[in-house]
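The values are calculated or read from the model by the stated rules, or taken from the named source; none is laboratory data. Remember, predicted model here, so these are calculated numbers, not experimental data. Please note: Cβ atoms are built from the backbone with ideal geometry, for glycine as well, and neighbour counts cover all protein chains shown.
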Amino acid sequence: MDITELNDRSQKQAALRYIIEAWEEALHDGIEPEMLANASLFAALSDLVSIYGEDAVAKMADRLSRRIQHGEFTLNRTTQ
């Protein structure tokens, strides 16, 4: 793994920590998880469209269904 990959991984981990901290604070303040999720998706997709354009983000969003069905976003998995 080169330095760029390490830096990317480090930034992704830091970004996720920031999001989780903000999420937890919002929950503590009484914001419903569904509202947070919708606002987060809107903010994320809006930024991605600004950076990559509508077509690229639409293609990425098309792949989300398969990723969700394969459990990529399921945090509490049970293994047998």
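Before moving on, here are some points about what is shown:
- Among residues of the range 47-80 being surrounded by 11 or more Cβ atoms within 10 Å (Cβ to Cβ) and either closer than 23 Å to E25 by Cα or β-branched (V, I, T) (or both), the one that is modelled with the lowest pLDDT is I68.
- Complete set of residues in the range 1-17 that are hydroxyl-bearing (S, T, Y) and loosely packed, with under 10 Cβ neighbours inside 10 Å: T4
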